[in-house]
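Chemist: Let me give you the structure first, and then I'll get to my questions.
The values are calculated or read from the model by the stated rules, or taken from the named source; none is laboratory data. Keep in mind it's a predicted model, so treat the numbers as computed, not measured. Cβ sites come from the backbone with ideal geometry, for glycine too, and all protein chains shown count toward neighbours. The accessibility values were calculated without ligands, DNA or RNA, using every heavy atom of the protein model including side chains. Shrake-Rupley method; radii C 1.70, N 1.55, O 1.52, S 1.80 Å.
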Amino acid sequence: MKIDLTETTSSKINAALVQARRDIGTPAIGMVLTLVIVTDEENAYDALKSANDASHEHPSRIVVVVKRVSRSPRSRREARLDAEIRVGADSGTGETVVLRLHGELVDHAQSVVLPLLLPDAPVVVWWPEGAPADLAGDPLGALGQRRITDTYASEHPIEALAARAEAYAPGDTDLSWTRITPWRSMLAAALDQMPQSPVVSATVEGEDENPSCELLAMWLADRLGVPVNRTLSGGPGLTAVRMETKDGPIVLDRADGSLATLSMPGQPDRAVALKRRDTAELLAEELRRLDPDNTYAAALKFGVSRLAATAPAAPAEAAPAAAAAEAEAPAEKPAAKPARASKRASAK
């Protein structure tokens, strides 16, 4: 069932929700949380689809806040609220309210959302993109116990990571961190099988400007207390992790984005499923826990600037030519710095 309300109020929306539940024969509320999605018209459809898919695991009231840009000075002064209500088969396993805010109401979205929150239920706020610099200080973010962002959707992901670290508050999290949960689990399990072989260094390989790669490298550096290099590859996403131990390297290599190979000293290579997950799966994982993620906080605050960055290795067939060119070069000519290292310096 879908109900459209124009020039409405929060109280009328609540009354329409109650009536809609009665009309479809489910007057009781069986939802476990309120998920507030802050987005724009361009990204609203994809975000709502992911939230509806995640609601099959976490029945919830989904409140989508769409801030409409006013094109004229007069329309910017006129406050108006339009709403679309979806219940039953049109809204996954919960309820959906799409709010479109116009004019001055854009700056007071929290006053519209607050009456629509489920009583005595947790609140999670999600910005698919365009998140504020200070999540907990944002008026909508202050309503939530958990605040979810995705730095991968930022124009400058590495700079966004630094901003997240500076303004971090308990309850903040990032889907770029959620993407590496299977990697962290696999690497931790591999290390548990070799308790007498401490790691002395590590390398994380992945595509450029991918915050998941940076977060995994920072997690390893923070937890193991060893130098971690960050190298580049063509992707997709995170492609390999190599940990050097006194007994030999532990390598988790995923070249195709779905199937990985785990290599450990003294053991045969094993194929492990490590596919790239969609947004609905990532969101469902984050909704399973509503307490602060201290591990994420520690990795985030470690800092991208403390990682050692290296450029991708030259192809094997180009090595002789590169060696010859180096031999002919003047001795006093300084070596060029890796491109990645210069990006790191600018991101500090």
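Chemist: What full-extension length gain, to one decimal in nm, is calculated for Arg288 and Gln193 as 0.36 nm per residue of separation minus the Cα-Cα distance? Spell out each step's value before the answer.
Modeler: Working: separation 95, 0.36 × 95 = 34.20 nm, distance 2.81 nm.
That pair, Arg288 and Gln193, stretches by 31.4 nm at full extension.
Chemist: If ligands, DNA and RNA are left out, what is the accessible area of Leu5 with a 1.4 Å probe, given in Å² to the nearest 10?
Modeler: Around 40 Å² of this residue is reachable by solvent.
Chemist: Around Thr149, what is the net charge, scoring Lys/Arg as +1 and Asp/Glu as -1 over all other residues with Cβ under 12 Å from its Cβ? Show your work: numbers first, answer last.
Modeler: Working: positive: Arg146, Arg147, Arg164; negative: Glu129, Asp134, Asp138, Asp150, Asp172, Asp174, Glu286.
Here the count lands on -4.
Chemist: Here is a follow-up. Within region 216-234, name every residue whose backbone N is under 12 Å away from a label modeled 7 Å from Cα of Arg306 along the Cβ vector.
Modeler: 218-228
Chemist: Still on this structure, I have one more. Measuring from label point to label point, each 7 Å out along Cα→Cβ, what is the Asp107 to Leu5 span in nm?
Modeler: It is 2.5 nm.
Chemist: Is region 20-170 rounded, prolate or oblate when judged by the Cα gyration tensor, a ≥ b ≥ c being the square roots of its eigenvalues, rounded requiring a/c under 1.5 and prolate requiring a/b larger than b/c? All intermediate terms of the calculation are to be shown ahead of the outcome.
Modeler: Values: a/c = 1.80, a/b = 1.24, b/c = 1.45.
Here region 20-170 falls in the oblate category.
Chemist: Same structure, new question: By the gyration tensor of its Cα atoms, with a ≥ b ≥ c the square roots of the eigenvalues, what is the shape of region 166-263: rounded for a/c under 1.5, prolate for a/b over b/c, or oblate?
Modeler: It is oblate, given that a/c is not under 1.5 and a/b is not larger than b/c.
Chemist: Using a cut-off of 14 Å between beta-carbons, work out the net charge of the residues near Gln110 (Lys and Arg +1, Asp and Glu -1, Gln110 not included).
Modeler: Working: positive: Lys67, Arg147; negative: Glu104, Asp107, Asp138.
Spelling it out: positives minus negatives among the neighbours equals -1.
Chemist: Would you list which aspartates and glutamates come within 17 Å of Lys2, measuring only between C-alpha atoms, while excluding same-chain residues fewer than 8 positions from it?
Modeler: Asp23, Asp82, Glu84, Asp90, Glu95
Chemist: Sticking with this one: So for region 241-291, averaging the separation of alpha carbon pairs under 8 Å that are six or more residues apart and normalising by length, what relative contact order in percent results? Please list the in-between numbers first.
Modeler: On the way: 61 pairs, mean separation 11.6, N = 51.
RCO, region 241-291: 23 percent.
Chemist: Rounded to the nearest 10 Å², what accessible area does His56 have for a 1.4 Å probe in the complete protein model?
Modeler: Using a 1.4 Å probe on the heavy atoms, I get roughly 120 Å².
Chemist: Given a 1.4 Å probe and heavy atoms of the protein chains only, how would you sort Leu161, Leu117, largest accessible area at the top? Can you show the working numbers first?
Modeler: On the way: Leu161 5, Leu117 30 Å².
Listed by decreasing accessible area, they come as Leu117, Leu161.
Chemist: Treating the beta-carbon of each Lys and Arg as +1 and of each Asp and Glu as -1, no other charges, what is the dipole magnitude of region 167-279 about its Cα centre, to the nearest 20 debye?
Modeler: On the way: 11 positive and 15 negative charges, 59 e Å.
Charge dipole, region 167-279, about its Cα centre: 280 debye, nearest 20.
Chemist: Then there's this: Which FRET efficiency, nearest 0.05, do Glu166 and Asp256 yield, Cβ-Cβ r, R0 30 Å? Spell out each step's value before the answer.
Modeler: Working: r = 36 Å, r/R0 = 1.20.
Step by step, r from the Cβ atoms, then E = 0.25.
Chemist: Here is a follow-up. With just the Cα atoms defining each centre, how far is region 112-182 from region 1-49? Give it in Å.
Modeler: Each part's Cα centre sits 22 Å from the other's.
Chemist: Based on the Cβ-Cβ distance of Ser201 and Asp269, what FRET efficiency does E = 1/(1 + (r/R0)^6) give at R0 = 25 Å, to the nearest 0.05? Let's see the in-between values first.
Modeler: Details: r = 21 Å, r/R0 = 0.86.
With R0 = 25 Å, the Cβ-Cβ based efficiency is 0.70.
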